[in-house]
Amino acid sequence: QRRSGLFHEIIRACKQRDLPIAGADRLRVGAELAVRDLLALLSFLATPEDSLSLATVLRSPLFGWTEQDLFSLAHGRVETHLWERFRKEKDAHPKTYSVLEDLRANIDFLRPFDLLERILTRHKGRERLLAQLGVEAEDGINAILSQALSYERNAIPSLTGFLIWAQADELEIKRQVDSAGNLIRVMTVHGAKGLEAPIVILPDCGARKLDVRDSILTHSDTGFWKPSADSQPQVIKDIIEEEKAAEARERQRLLYVAMTRAETWLIVAAAGDLSKDGSDWYQVIEKGMRNVGAVSHTYPFGDGLRYEFGAWDGPIVSAPEHVAVAPDPLDTLFAKPLDTVPERDVVLSPSDLGGAKALSSQLGLDEDIAMARGTYVHHLLECLTEVEPTVRHDMINQVAPPEGLDDALIASARQEVLNVLENPELSWIFDDTALAEVAVHGTLAGHTVLGTIDRLIVTDNKITVIDFKTNLAVPTSEDMCPEGILRQMGAYSEILAQIYPGRDIETGILWTATGQYMSLTQNIVREACARAHYLDGTVDAT
């Protein structure tokens with residue numbers, strides 16, 4: 001009759017006995033413990049300063065910390081945030097730290113569904129949650145995954161947006177258990193309308209109190225506040241009795257719906273007490289069964305009544321043998337081989353058109369280290385351009401470097417960025433007229449090209465493209481500029497010529513190591529770009 005504690009206990013008991021069950025017809029996603037743990041982990045990933053969410057996650061089955069483990073980490077710390085303390089103590093919990101670092105490294109690249117799937121599959125989150133919370137937790141896990149997919153179809157798939165969306169609404173999923181197949185379905189009578197099943201069990205047919213919960217009562221199109229029971233006038237009592245009588249009639253109609261869902265067997269039970277006036281469903285059905293001749297019967301769990309018709313104890317009639325019917329022949333269209341499918345166009349990047357980039361490996365740096373240092377310099381320039389010069393020296397130390405760089409390389413990269421930003425001859429590159437991190441899209445030799453320009457200055461007559469290069473070995477002239485860089489700048493020039501026809505285009509390199517700006521001749525860069533393509537469209541990697 002309602003989703004009481006019995007409703008959920010039946011589902012839990014069926015799952016404990018490995019019975020095939022479809023679960024609840026309605027599921028409050030946010031109330032599931034497994035969902036709370038997953039959302040707490042996502043909250044921490046979105047905001048590492050959220051110490052409560054981090055503590056919740058560490059104590060959850062996802063990581064399985066004990067109360068003492070968490071107390072030892074959090075108690076007496078001088079750091080403001082729990083994550084700061086945990087990073088200093090990471091050697092004591094290497095597995096937990098590696099999982100959290102892996103997830104933090106991917107939050108900017110994975111959608112909410114992919115991030116949840118990474119937690120549940122790659123890091124065995126589903127296995128750990130089910131091991132501690134039981135198989136009933138699987139419904140909530142699957143529901144939050146479905147909600148993540150639904151969110152991504154209707155909104156920009158950001159982690160913060162998904163958390164706000166999931167926590168702002170009390171998400172309740174109406175599951176399609178009517179198409180659950182050969183499974184046990186636990187549902188209310190309202191939810192069962194229009195459905196049938198060979199066996200229907202009504203376990204909740206005990207006493208239910210008739211109560212009018214509305215605060216406003218209506219009589220002759222006039223509304224009344226319902227006073228307390230000891231101060232109600234007779235007219236109010238009459239209205240309440242009418243409401244109770246209407247509710248009783250509605251429950252009788254629901255009883256009819258419940259009983260007529262059964263095709264073969266109807267099993268009636270009552271959890272809890274029975275009503276003294278015989279108005280509960282159990283006693284109503286019992287009285288009806290006695291009137292039609294039901295007989296006493298001893299069941300394995302106790303005595304009861306049984307009403308039957310037909311030869312229940314007769315021999316089982318075997319079903320007729322199934323005669324295979326040959327399928328209709330397929331149309332000849334499906335027998336024809338598939339025509340050659342044209343190859344999908346490869347999307348090119350201006351920075352991957354081949355040619356040497358002359359990274360600073362010749363100066364004793366490993367190529368991966370040199371690339372990491374260059375990425376760090378780019379990131380610093382991006383972060384500090386809008387920062388006031390007076391606080392720039394303090395802010396630069398707060399931008400975390402990538403792993404693998406030693407203190408000397410970090411210090412040199414930071415000084416290099418400060419030298420560039422404080423050079424008055426380069427201020428025009430970083431003023432308000434310059435656009436930063438501009439995505440461009442065009443075609444070269446019939447191929448789609450996508451790229452990102454570090455700085456773009458657009459005027460009515462001229463387009464200036466500037467790319468930051470962090471090579472420690474800086475060429476002295478454009479003739480000595482590495483081939484790969486020339487091809488990249490040539491690609492930018494060709495694309496911008498398509499976007500801004502008729503305007504002069506200048507390409508240039510800002511060498512951060514020396515703080516010098518080098519303007520490149522258009523003929524040189526476009527000829528270099530042309531060398532990257534054969535007539536068949538492949539890229540020359542030399």
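The values are calculated or read from the model by the stated rules, or taken from the named source; none is laboratory data. This is a predicted model, so every value here is computed, not measured. Positions of Cβ are generated from backbone atoms using ideal geometry, with glycine treated the same way; all protein chains shown enter the neighbour counts. We work out accessible area using only protein heavy atoms, side chains counted, and drop any ligands, DNA or RNA first. Shrake-Rupley method; radii C 1.70, N 1.55, O 1.52, S 1.80 Å.
Miscellaneous remarks
- Enumeration of residues in the range 416-436 that are open to solvent by 80 Å² or more (accessible area, probe 1.4 Å) and assigned to a strand (DSSP E or B): 435
- Test result for residue 411, part of a helix (DSSP H, G or I), farther than 13 Å from residue 381 by Cα and under 39 Å from the mean Cα position of the chain (by Cα): yes
- Filter result for residue 5 (on the phi > 0 side of the Ramachandran plot and free of Cβ contacts under 8 Å to residues at least 12 places away in the same chain): no
- Residue 128 being touching a Gly at 6+ places or on another chain (Cβ under 8 Å) and either on the phi > 0 side of the Ramachandran plot or at pLDDT 85 or above (or both): yes
- Residue match in the range 400-415 (condition: open to solvent by 40 Å² or more (accessible area, probe 1.4 Å) and under 20 Å from residue 484 (Cα atoms)): no
- Residues that are under 23 Å from residue 142 (Cα atoms), open to solvent by less than 40 Å² (accessible area, probe 1.4 Å) and part of a helix (DSSP H, G or I) do occur in the range 57-66, at least one of them.
- Hey, residue 194 modelled with pLDDT under 75, more than 30 Å from residue 108 (Cβ to Cβ) and open to solvent by 40 Å² or more (accessible area, probe 1.4 Å) or not: no
- Reported count of residues in the range 518-538, each being open to solvent by 50 Å² or more (accessible area, probe 1.4 Å), modelled with pLDDT under 85 and either touching a Leu at 6+ places or on another chain (Cβ under 7 Å) or among the β-branched types (Val, Ile, Thr) (or both), is 1.
- Inside the range 67-91, residues that are open to solvent by 40 Å² or more (accessible area, probe 1.4 Å), hydrophobic (A, V, I, L, M, F, W, C) and modelled with pLDDT of 90 or more make up a count of 1.
- Check on residue 12, basic (Lys, Arg), open to solvent by 60 Å² or more (accessible area, probe 1.4 Å) and either under 30 Å from residue 272 (Cβ atoms) or assigned to a loop (DSSP other than H, G, I, E, B) (or both): yes
- For the range 27-56, a residue qualifies if it is touching a residue at least 24 places away in the same chain (Cβ under 8 Å) and either in a loop (DSSP other than H, G, I, E, B) or more than 29 Å from residue 165 (Cα to Cα) (or both), and the qualifying residues are 32, 48, 49.
- Residue 96 being open to solvent by less than 70 Å² (accessible area, probe 1.4 Å) and either free of Cβ contacts under 8 Å to residues at least 24 places away in the same chain or in contact with an Asp or Glu (Cβ under 7 Å, 6 or more places away or on another chain) (or both): no
- Test for residue 21: is it at pLDDT below 90, closer than 30 Å to residue 270 by Cβ, in contact with a strand residue (DSSP E or B) (Cβ under 7 Å, 6 or more places away or on another chain) and open to solvent by 40 Å² or more (accessible area, probe 1.4 Å): no
- Considered as a group, the residues in the range 139-171 that are free of Cβ contacts under 8 Å to residues at least 24 places away in the same chain and part of a helix (DSSP H, G or I) include one that is most open to solvent (accessible area, probe 1.4 Å), and that residue is 153.
- In the range 437-467, residue modelled with the highest pLDDT [restricted to those that are part of a strand (DSSP E or B), of a type in the set (Gly, Ala, Ser) and surrounded by 12 or more Cβ atoms within 10 Å (Cβ to Cβ)]: 451
- When residues in the range 476-532 are screened for being free of Cβ contacts under 8 Å to residues at least 12 places away in the same chain, within 20 Å of residue 461 (Cα to Cα) and assigned to a helix (DSSP H, G or I), 2 of them pass.
- Identity of the residue in the range 381-428, of a type in the set (A, V, I, L, M, F, W, C) and touching a residue at least 60 places away in the same chain (Cβ under 8 Å), that ends up farthest from residue 515 (Cα to Cα): 381
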